[in-house]
Every structure is written in structure tokens, then in C-alpha cells.
Amino acid sequence: MSNTTVRFVDVQHMIRWTAEQGVEQIIAGIVGYLEDDFRRWPCFDKTPRVGSHSDVGVIELMPTSDGVEYSFKYVNGHPSNPQSGFQTVTAFGVLSNVATGYPTFWTEMTLLTALRTAATSAMAAKHLARSDARTLALIGTGTQSEFQALGMRSALGIDTLRIWDTDPQAMEKFVRNAAPLGFDIHVASSALDAVTGADVVTTCTADKTNATILTADMLDVMAPGVHINAIGGDCPGKTELDAAILTRGDVFVEFPEQTFIEGEIQQMPRDFPITELWEVISDRATGRTAADQITIFDSVGFAVEDFAALRYVRDAVEGTEFYETVDLIADPDDPKNLFGLVTDAALVAV
Ligand code: NAD
């Protein structure tokens, strides 16, 4: 019989493992795996994710492979879900062995997506933001927000947060969760108030529209050399930044073929100048070159980030109690006799 063991990390395992390890420590660990994978970017099989769009949201599959392992994530994005008690984003993901095609690892990825998105933001900020950045403006204090704050603390030492959300309850929830973590938090009265004096601005709002969460005039009140981490615009027709902002700074992206469809740069012509983040991380392109340079990470979330996060969790839970094995792949003794499994079962049933 061949080895068909599939390790499975369910929601309770993920929650307990994350609580035991600490969110900031896990984000820092994923950053290490992300940097490894971004440095070997050319070896990945890459394609824009495959989305099935409806009026209210999208369901997407995000595949990639490094030739040895293959991964995919199933993820949805439904901005109006919270109004009916559901989350905007949920996910699960799989790692497989390319040599046999058999899956080896399967995990919940709703929590893991928040961790990996924070890790990707942290990695980008580590390479693009001013190293003396201490104040983060967070626009949108929903699901991703606390993870984003911790990611920026782990990358840059951010200690001061200026938050804004159109939903006052989301801001109250944020303060409840983040104040005990030791942040100095200013609850702003508008997006303009939130970004005033900020060294880093993260937009993580959810609305299926071309929004202008940040307008170009707001750049004037941000700290010189601000780094903008725009993660909420990640679908056709769903953006957060005034297009004029994109011409005032240098724009960095994950995978241009996907970002021109889904990111802030969907508002720009296809020859709009961008730099691929992997090139900065592998020292093939420059990131920040001056203290007053505005840097913009137009993040949409790419499959290689999920691949890195899946590998990280798979390796980190090895030898712990935080996974189980599941019987996912039918495994007949004779690989050509799948039917025999059924006839054998019928005999047992009789
Ligand atoms: P969420 O629904 O939990 O939170 C979004 C928050 O944005 C809500 O609290 C909402 O009130 C607020 N908001 C909406 N419009 C606003 C506005 N005009 N001004 C201020 N606040 C506003 O969603 P989430 O899970 O935190 O995700 C946030 C966004 O990030 C989503 O659009 C999601 O698709 C995206 N996302 C991107 C990545 C990535 O890799 N780039 C990963 C995960 C999620």
C-alpha cells in the first residue's frame, strides 16, 4: 500500500496552535518562508487566480507549484457578508506532492490567510517603508486589522496606531483587541484624521466598488516618505486608492498579470510603471531610495504567499498535537482495482 497520509489542521488546531505560538511570532516565521519563496520566484508556476464572480462577491482558486510541491487555496470575498453574520473572507488550502499528485497537507486558511496577509504586508514594509516608521494608520478595522497591526510591529517596531472605520463597532472591537497588546491607539474621526502624520498607511476596507478611501490630497498630511500598504482592493471593480495617488509614488506589486486585473493599478494603462516585489527582495531592483519617497504596495494576495504559509504551518506543527491524519485518498492494494474496494466492502456488509 502506498503512503496516502494527509495531515489535517482543523480550525480548533489552528486556533490553539496560534494562541500557543503567538500571532506576532507566527507572522515573523511566515515572513522567513515568504522571503525564501520570493527569492526563488522564477521557479514557480504562476497564473492569475481563477475567480467566479457574482453580484455580491467572488469565489477564487489560487494555485501554484515550485515543481516539487503544488498548492491551492479556496477563498471567497463577500463584502456584505458581515451584515448577515458571515465573514467577508474564508478559506482552506492544500499542499500536494508533485511526484505522485497526492495531497499531503490540508488546513483551514481563514485564520491562516489573515496571518499570511499580515506577513506579506510586513515583508513589503520591511523592504519599502522608512526604517524609523513608528505610526501606522489603519483604515478598516475588520477581520484583517489586528493581524496587520502586529505584522507592522514585527517588521518595523510600529507602536502607535491611528484607526478609522465607517463602522464604530468595528473600531470598538479593534481597541478591545489591540489595546492589551501594548499599542498606543488614536481613534480617528475620519480617514483624513487617521492618516495625519502617519509613517505607514494600511487600507483594509471591504466594499465591492471603486472607492477612494485615500485621496491624493491626503498625501499632504501624511509623514514625508509614507509607505502605503493597500490590501483591500483585490477584485475587478474593487479599489481603494484615488488613481492620482499611484502617480505620486513608486508602485510595487506581487504578480503583475494578476494585479493589473485586480489591484489598484486596474485603474492604470498596462504600461504603467511598476516594480515586482520579488525583485526587490532578491536585490534585482531597488525599493526605497530616498527618505521622502512615497512607496505603495498594491497588494492583492498571490498564490505563492499561500504556498509559503502552507509550508510554514506544515513544518511548524510537525511532531505536535496540532494536526490529525485524515483518510482522504482512496487507496486500493492494487492501484488498478479501485472497484475492488467497493466489492470488498459489499462482502463485509453482507
Ligand atoms: P472585513 O469585512 O472584516 O472588514 C472590512 C472593514 O472595512 C469593515 O469593518 C468595514 O466597516 C470597513 N469599511 C468599509 N468601507 C469603508 C470605508 N469607506 N472607510 C472606512 N472603513 C470602511 O474584511 P477583512 O477580512 O478585514 O478584509 C478587508 C479587505 O481586505 C477585503 O476587501 C478583503 O477582500 C481584502 N483582503 C486582501 C488580502 C490581500 O492579500 N491583499 C487578503 C485578505 C483580505
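Values in this text are rule-based calculations from the coordinates and carry no lab data. No experiment lies behind these values; they were computed from the predicted model shown. Note that each Cβ is placed from the backbone with ideal geometry, even for glycine, and that neighbours are counted across all protein chains shown.
Kindly identify region 1-139 as rounded, prolate or oblate by the Cα gyration tensor criterion: order the square roots of the eigenvalues as a ≥ b ≥ c, call it rounded if a/c is under 1.5, otherwise compare a/b with b/c, prolate if a/b is larger, else oblate. Since a/c stays below 1.5, the shape of region 1-139 is classed as rounded. Okay, which of region 195-226 sit inside 17 Å, backbone N to the point 7 Å along the Cα-Cβ direction of residue 80? Within reach of a label on residue 80: 206-211. Across all Cα pairs in region 150-242, the calculated P(r) in 10 Å bins from zero up to the longest distance comes to 16, 48, 34, 3 percent per bin.
Suppose every Lys and Arg Cβ carries +1 and every Asp and Glu Cβ carries -1, with no other charges. What dipole size does the chain come out with about its Cα centre, to the nearest 20 debye? Spell out each step's value before the answer.
Working: 24 positive and 49 negative charges, 52 e Å.
Magnitude of the dipole: close to 240 debye.
Let me make sure I get this right: for region 82-158, a, b and c are the square roots of the gyration tensor eigenvalues over alpha carbons, sorted descending. Under 1.5 in a/c it's rounded, otherwise prolate if a/b > b/c, else oblate. Which is it? Oblate is the answer for region 82-158, as a/c is 1.5 or above yet b/c matches or exceeds a/b. Annotation: extensible slack from residue 334 through residue 348 equals 3.2 nm (criterion: 0.36 nm per residue apart, minus Cα-Cα distance).
Inverting the pair-averaged 1/r between distinct Cα atoms of the chain gives 21.0 Å as its Kirkwood hydrodynamic radius.
Relative contact order of the chain: what whole-number percent is it, with Cα pairs under 8 angstrom and at least 6 residues apart?
Working: 724 pairs, mean separation 71.2, N = 350.
So the answer I get is 20 percent.
Structural descriptor for region 219-315: relative contact order 41 percent, calculated from alpha carbon pairs under 8 angstrom and at least 6 residues apart. Each part gets one Cα centre, and for region 328-350 versus region 247-318 those centres are 48 Å apart. Cβ-Cβ distance of residue 324 and residue 110, R₀ of 22 Å, FRET efficiency by 1/(1 + (r/R0)^6): the value works out to about 0.75. The DSSP beta bridges internal to region 130-245 are antiparallel in roughly 5% of cases. Taking every DSSP helix (H) stretch of at least 4 residues in the chain, weighting each as -39,500 (n - 2.57) and dividing the sum by the residue count yields a mean residue ellipticity at 222 nm of -10000 deg cm²/dmol. Name all residues of region 176-204 having a backbone nitrogen under 18 Å from the label point set 7 Å from the Cα of residue 244 along its Cα→Cβ direction, giving them as ranges. Only 191-193, 195-196 pass the distance filter.
Tell me, in nm to one decimal, what length is gained between residue 221 and residue 59 on full extension, where the rule is 0.36 nm per residue of separation less the Cα-Cα distance?
Details: separation 162, 0.36 × 162 = 58.32 nm, distance 3.73 nm.
Taking residue 221 through residue 59 to full extension adds about 54.6 nm, to one decimal.
Projecting label points 7 angstrom from Cα along Cα→Cβ for residue 315 and residue 3 puts them 1.8 nm apart.
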